[in-house]
Each structure stands twice: as structure tokens, then as C-alpha cells.
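The values are calculated or read from the model by the stated rules, or taken from the named source; none is laboratory data. Being a predicted model, the structure only gives us computed values, none of them experimental. Here Cβ is always computed from backbone atoms with ideal geometry, including for glycine, and neighbour counts include all displayed protein chains. The area values use the complete protein model at the heavy-atom level, side chains included, leaving out ligands, DNA and RNA. Shrake-Rupley method; radii C 1.70, N 1.55, O 1.52, S 1.80 Å.
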Amino acid sequence: MQGLTAPAAASPATALLRRRTAGTQQVQHALPGRALRWRRERSHHGFIVEALQSEAPEAVAHKPVVGKTQHKGEPTRHIDEMIGTVRASLRSMGGGDISFSPYDTAWVALVKKLDGGEGPQFPSCIDWIANNQLPDGSWGDDAFFLVQDRLINTLACVIALKTWNVHSDRCNKGLSFVHENIKRLPEDDENWMLAGFETIFPTLLEMAKDVGLDMPCDDPALQDIYAKRDLKLAKIPKDVLHSVPTALLLSLEGMPGLDWDRLFKLQSPDGSFLSSAAPTAYALMQTGNKKCLEYLTDIVHKFNGGAPFVYPVELYERIWVVDRLERLGLASYFRAEIDSYLDYAYRHWSDEGIGFTWDCMVRDIDDTVMGFRLLRQHGYHVSTGALKHFETKDGEFVVYPGQSNQSVSAMYNLYRAADQAAFPGDDGVVRRAKAYSYAFLQERRASGDLNDKWIISSGLPSEVAYGLDFPWKANLPRVETRMYLEQYGGSDNVWIGKVLHRMHLFNNELFLKLAKADFSNFQRQCRLEWQGLKRWCEKNNLEMYGVTPQSAMRAYFLAAANIFEPDRAAERLGWARTAVIAQAISSCFLSSNAYATDSMLEGLIGELTSDGHNLARRGGKYSTTENGLLNALHELIDLSAPGKDASDNLREAWKTWLMELTANGGHESCGGNTALLLVRTVEICSGRHSAANQNLKPSEYSQLEKLTSSICSKLGSRSLSQVNQNGTTMENAENLEQQVDQEMQELAQCVFKSRDAISRVTKQTFLHVTRSYCYVAHSSPETIDSHISKVIFEDVV
């Protein structure tokens, strides 16, 4: 398998690395005595890994880096402090950390005293409005200028101030802003139109006229808004509006001719209408409903006079926090918090889907598919039935019924769910969801139209492109994190609802700062480990068997890109060294010159059957080349494995692999056996091997081995068959791809269905190794080289 047991063909960027002599075969078939010389290659400045020659002292570079972190002092203390701060915020979550909405605050401020007196029921809302006007006279998001957002917030606040005849200076300044900017409405991206704007803004204009404000209602920029309002109102079936919970409840204040007796049957248990302050305030103004009053009183108290546009949002927030922590590579620091969040999501899971809060009457596909994917991947049983509620008769998938336009981010989350959390036997809705979302995203990507209706994020186009280019089976965790560090917008991301708003807990600079610091630590540790691995290869003359710096680097990269936690260095290096030795042995077998093959095989078998003492007894019998290979294997078995039992297990694993290799004539068609060798090595080096045997049923372990071996063998066969490009081979390749996809679903189900901590980590090892094979088969050599550079050697800034 390319990159695991045999070095890949060089890309143009790294071709200068290979110092060929006349008659030398391709590197994977290099003969002893004809291979590259590592030390001479240090003069080639183009080789990515040579950039760090001066970074690690030779005295420590060869030692495995083990422990929580190798960079003690200030960097570690700083990371620990950030982890503590994040953990405290995660454990103190209430109803959700969402920004204020001046628009909703203004609606609450408009409520008159319910006891019959003069003045507002919530005077603190007037104070909040007065204290939060922006320097240009507007209200709204202060860091991102969207004309609709500034106008709807500003006009609502101006109406509230004018209604109570307070703060006339602020009112006039806001009114001037509206007059000066209403003509700019066409500047906004059509994808970023606020939810309900076409009905709410014309309503505000009428309300402004009613309180004596001069409004430019005939401005040409408004004509398109009026047309959209008329079209939307004409399409709304009144019976549906009054009898079925829909997203229209969010904009009741913009709807004429409402029957409140019927509508109150759709009131949420907390007294609100769809957990939103503005429609609830409107309902209170129209009816005096006590439950509406209780909800608004609670909101105003919680937010000190302000109001968000929806609250609570605790279910939405919990799910998105888990997603962000995992993609930023921080999940291992917050296992307890993640488990708690997912337990909460599962308690409120419904086969009809979920919404942004536990009792949300309108489910949406975005929260549903995010929850579906994360719950399945963490061992919870959830069925595919929820997805059917968002599939139309025309075969489309919608965020909610009656939507006016499609969402890029929601369809991307749908694609991720269908790609990453599909199990054998799932209803066809999962396959249809994947096909629909993939086609939609590819079409929008091709047209360069990836602005979304729910989020304003500069990284979204790159995020979607990466997700489409690297399906889950071929997506390595550390590669995804390195890319996401550039895609995650932190506090710059703005969410779109009825107003622009911020979700502070999962879009913030602390998450990003912590993730970058953690990844930088990972890179420093990788560079030290790589130096040690390279010196180990040099010491044992493994270049004599075609082990080049590039192939050794690739072996280490595949290990580190999957197993990246600071305290798992032994597992990374065990994987990398095993891949390197397996490559060296395979290369010798594949050599057209049978130089020392029989003698080498005898020595290897002797070493594996002598409990590690054969090399010492026979040190003078083998050539330097053979001794180097035997010494490397000896070090791996007796020095890497923790204890005699572990050494014996590892020695037995190598014997099994070697016998299989011999039976196959040294061909890498037995790639599945090498994959199993990597799994066993990782588990033995981790010390989990005996525990895994106790926690995993024999049938479970056997199934994991069977699937891993089958998938990796098929991928190896496909790589070999690509040499022949006739029609039959292409058809066979497509069949193999389908078989691999099916078996990957089976493997994912085997891995995810367990929530036992020990067995889950062991099962993840099978998944890591298998996905590394998928990644290599999926990626060009140039792509792999670029990922090596980005993940290990390019500093995170």
C-alpha cells in the first residue's frame, strides 16, 4: 500500500530528492547497496523535512517524546489556563450565550403598562436602547455592516423612543441614519436577506408613520421589498399559519389579520411564540396574555433590559460546541463536557428532528442533522426517520417547510451527516440526502455562489470545498483540523436570523487561540519525533532497502495525522517504525535481485523465534545490512513494547505478518495484513492490548480485523489495477469503490456503537489505520506532500 509499506512515486516537487545511479530501479524496488543516502540529501534545500535540521538537539532528537507535553513552562501553563477558562464556560452554560437584538428589545419596549398606567411595562428596555446606539446613529451589529440589519434595528428603536417621547436626540440621529441609508438596500447580498424582513420592515414603516415619523416609503429601493412581501403573504395559507407550528411564528408582528384564539394553541410551553421576544411582545400587546408576560419578564431580567431575537438556544448551542471542539482538535480536553452535552441532546432527540431549544415547536434540518451525526458517532442509537421530515415530494431537502431559498451551510451539514454517519441497513433517505446535498453544493461551488442564508463566514467556501474533496473515509483528523484553523472564523462569524447575531460560546477567539496553541505544540512534538525516527533509520541503514526520507516521513505523517494527542507518542512512533520496517522487508522481496533474501528471511525468522536473543548470539554472521534491519526490528519489539508480554505479542504479530508476506511472494496485495500489523502494534505500544482482549468480545475483534483487512486489501488491489486503464479495469475499480464504501459503513458502525472508553479507543485504532489507507488511495502524491508540509512544518499563525 502506497505510503504504508512501500514508498510512493515522487511528485515533481520532491523529485530532486532522489539521487539515482545508472540502472537503479524505482525506489520501491531499490536493491540493497543502491538506495539513497540520507546524509547526502541534507544538502537538498527543497526537501520539506530538512528545514528543521537545526531545531532539535542531536542529544535528544532520537528519543521518543512521551508525556503530556514536551514544552514545559510558559506555553504549557498558558494552554492549561485557556483550557480551564473554556471548561468553566462550558460547565456554566445556561440557556445559551447569544447576542442582544435591538429590534426585539424595541418591541418589548413598546409594551404599555398592563395595569392601565402610563409608560412602558419594561422601562429597562428603553434604557438599554439609549445606551447601545452606535456612533453613526444606528443600532445593530457593530462589527459587520448589513444594510437590512442596521435599518430594521434602527427603525424599531427609533419607533420605541418616539412612542414614549424620550431621548429625542438619539431618536433624531437614528431617523437620519434611516433616511440616509434606505437607498442602500440593494447593496446587500441576496443570500443574506434577514428572515422575515420582507414582511417586518414594511410593517415598521407603517408604524413609524403612525407615530408621526417622516418615512421615505416611496423610495425606489423599497419597491422590491414590497413585491416580496405581497408574494409571501399571498402564498401563506392562513389555515396552516393558525393550526401548524411553522417558522412564520417567528414573524407574527409582520402578519396582518391574525386570529389570536387559534394562534395561542401554538404557544410554546414557556409562554413565547417560537422562543422569540418580538412576536411574543406583539401577542402581549394584542391580548395581555399572562404567559407572554411571564416569558418577557424573565428575558428582560436575564439580559438586564435587552433581549436576544430567540432564547433559549441551549440545544443548538450544545451541539455546535461539540462540533467546533472536535474539528478544532480540542475534544480530548473536554470529554466530560462533550458527554454531558450529547446526553442532553439525546434526552431531547425526537424522530421528528430537533430545533434550537428542547421544546422548540418547529424542527429544522440544520440542528437535526448535526445532532444525528454527532450522536451516532458517539455511540447513541438514533434512527434515520428524522431526516424524512425534511424531504419533499420533489426529492429536495429543506431546512423547514415553506423556505424561500436554500441554505449552503445547512446542506453542507446534511452532506456531512449522510457521509459520516451512514450505517448498513439505513433507510434510503440517507443515500438520497447525500446525493442531493452533494449535487447542490457542487453546483453552488462551480458558480462561486457559496454565501449562506444563516451565517456570514469568509471560511465557508474553503470549508465546503475541503469537505467535498475529502470524503470522511479519506479525511485524516489532523489534516481536517489544520484546514479548519483557517476556516473557523472565531468571533468574526456572524449568524443571520431576523437580525444579525453572535453565538459567543462556539464562535469566539479563545477557542481559536487555544486550538492554534495546541496545534503548535503538536507540531513541535512532531518535529522532534520525526528527527528521532530519521536518525533511527540512518543508524540501521534502512536506506539500503529503499526507505527514503520521503517514505519515512509519509509513514510518520499518517500516524501523527490520526493519533495526535501529546501523551500518545509511543503509539505514533510504533506505527511509523512498523510501517518503515514493513516497507524495507517488502522492498527486498520485490527486488529483481534476490541478494541475501534467503539469508535475510532466515535471520528475520530466527529473530522472531528467539525471544530477541538471536541477534546478539549471531552478531557476526549477518552482513551490516542485515544486522541493521534485524536491529531495527529488535528495537521495535523489545524496546517499544511495554513489558515482556507485550514484546511477545508484538513478536507474534510480526511472525504472522512475515508468513503472510512470504506466502504472497512479497507482494503488497496482502495490504490488509500490513494494516492489521499496524493496528496490533499501536495497541501493544499503548498498553491497551490486554485490556482490549478483555473488553472486546472475540466476535467484535474478529469483525474489526476482517473489515480492516478487507478494505485495505481492496484499496491496495485498486492501486495496482490503475496501471491498466482499460474499460474492464475501470468497471472493476467502480465495483471496488462501492464495496469499500459499504464495508466502511460497517466498520464505522462497529466502532461507533460502543461507548465503553477502553474498547472505543481500541476500535478507533482500526478506523484510523483504515482511513489512512483510504486517504493514500484517494490523494495524489502532490496532495499528500502539501498536507505533510501544512500539518507538520508550516507554523500556525
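Does at least one position in the range 362-375 carry a residue that is modelled with pLDDT under 95, open to solvent by 50 Å² or more (accessible area, probe 1.4 Å) and over 17 Å from F752 (Cβ atoms)?
From the range 362-375, those modelled with pLDDT under 95 are none; that's our starting set.
Among the residues of the range 362-375, not one is modelled with pLDDT under 95, open to solvent by 50 Å² or more (accessible area, probe 1.4 Å) and over 17 Å from F752 (Cβ atoms), which makes the answer no.
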The residue that is nearest to V362 (Cα to Cα), considering only those in the range 243-279 that are surrounded by 24 or more Cβ atoms within 10 Å (Cβ to Cβ) and touching an Asp or Glu at 6+ places or on another chain (Cβ under 9 Å), is S275
Search the range 203-229 for residues that are in the same structural domain as A156 (by the TED database) and pair each with any residue that is in a helix (DSSP H, G or I) and hydroxyl-bearing (S, T, Y) when their beta-carbon atoms are under 7 Å apart and the residues are at least 6 apart or on different chains. V211/T163; R229/T199
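Could we say that G425 is on the phi > 0 side of the Ramachandran plot, modelled with pLDDT under 95 and open to solvent by 50 Å² or more (accessible area, probe 1.4 Å) here? Walk me through how you get there before you give the answer.
On the way: on the phi > 0 side of the Ramachandran plot: yes; modelled with pLDDT under 95: yes; open to solvent by 50 Å² or more (accessible area, probe 1.4 Å): yes.
Taking the combined requirement at face value, the residue satisfies it.
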Is it true that A552 is touching a Cys at 6+ places or on another chain (Cβ under 8 Å) and within 30 Å of G628 (Cβ to Cβ)? yes
Answer residue from the range 298-319, given it is free of Cβ contacts under 8 Å to residues at least 60 places away in the same chain and more than 21 Å from the chain's Cα centre (by Cα) and is surrounded by the most Cβ atoms within 10 Å (Cβ to Cβ) among those: D298
Test S447 against the stated conditions and say whether it is surrounded by fewer than 19 Cβ atoms within 10 Å (Cβ to Cβ), farther than 18 Å from N405 by Cα and hydroxyl-bearing (S, T, Y). no
The lone exception for G94 - which of (1) more than 30 Å from W358 (Cβ to Cβ); (2) part of a loop (DSSP other than H, G, I, E, B) it fails: (1)
Qualifying residues in the range 169-202 (those that are free of Cβ contacts under 8 Å to residues at least 24 places away in the same chain and more than 43 Å from the chain's Cα centre (by Cα)) - the one farthest from L252 (Cα to Cα): D169
Can you pull out every residue in the range 452-476 that is surrounded by fewer than 17 Cβ atoms within 10 Å (Cβ to Cβ) and assigned to a loop (DSSP other than H, G, I, E, B)? S458
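Determine which member of the set A417, A410, A386, A345 is in contact with a strand residue (DSSP E or B) (Cβ under 9 Å, 6 or more places away or on another chain) and either assigned by the TED database to the domain that holds Q267 or in contact (Cβ under 8 Å) with a residue 12 or more places away in the chain (or both).
Values: A417 fails: in contact with a strand residue (DSSP E or B) (Cβ under 9 Å, 6 or more places away or on another chain); A386 fails: in contact with a strand residue (DSSP E or B) (Cβ under 9 Å, 6 or more places away or on another chain); A345 fails: in contact with a strand residue (DSSP E or B) (Cβ under 9 Å, 6 or more places away or on another chain).
Answer to the check: A410.
Is it the case that W192 is touching a Gly at 6+ places or on another chain (Cβ under 7 Å) and either farther than 27 Å from F303 by Cα or outside the structural domain of H501 (by the TED database) (or both)?
no
Do we have V322 as β-branched (V, I, T), buried (at least 22 other Cβ atoms within 10 Å of the Cβ) and either within 15 Å of G95 (Cβ to Cβ) or not assigned by the TED database to the domain that holds G459 (or both) here? Step through it out loud before you land on a result.
Numbers: β-branched (V, I, T): yes; buried (at least 22 other Cβ atoms within 10 Å of the Cβ): yes; either within 15 Å of G95 (Cβ to Cβ) or not assigned by the TED database to the domain that holds G459 (or both): no.
When the stated conditions are applied, V322 does not pass them.
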Out of the range 452-491, which residues are touching a residue at least 40 places away in the same chain (Cβ under 8 Å) and among the charged types (D, E, K, R)? D452, K453, E463, K473, R478, E480, R482
For S340, indicate whether it is free of Cβ contacts under 8 Å to residues at least 40 places away in the same chain, open to solvent by 10 Å² or more (accessible area, probe 1.4 Å) and part of a loop (DSSP other than H, G, I, E, B). no
Is it the case, given these coordinates, that V211 is open to solvent by less than 10 Å² (accessible area, probe 1.4 Å), at pLDDT 95 or above and on the phi < 0 side of the Ramachandran plot? no
So R432 fits all but one of (1) open to solvent by 20 Å² or more (accessible area, probe 1.4 Å); (2) touching a Gly at 6+ places or on another chain (Cβ under 9 Å); (3) without any contact (Cβ under 8 Å) to a residue 40 or more places away in the chain; what number is the exception? (3)
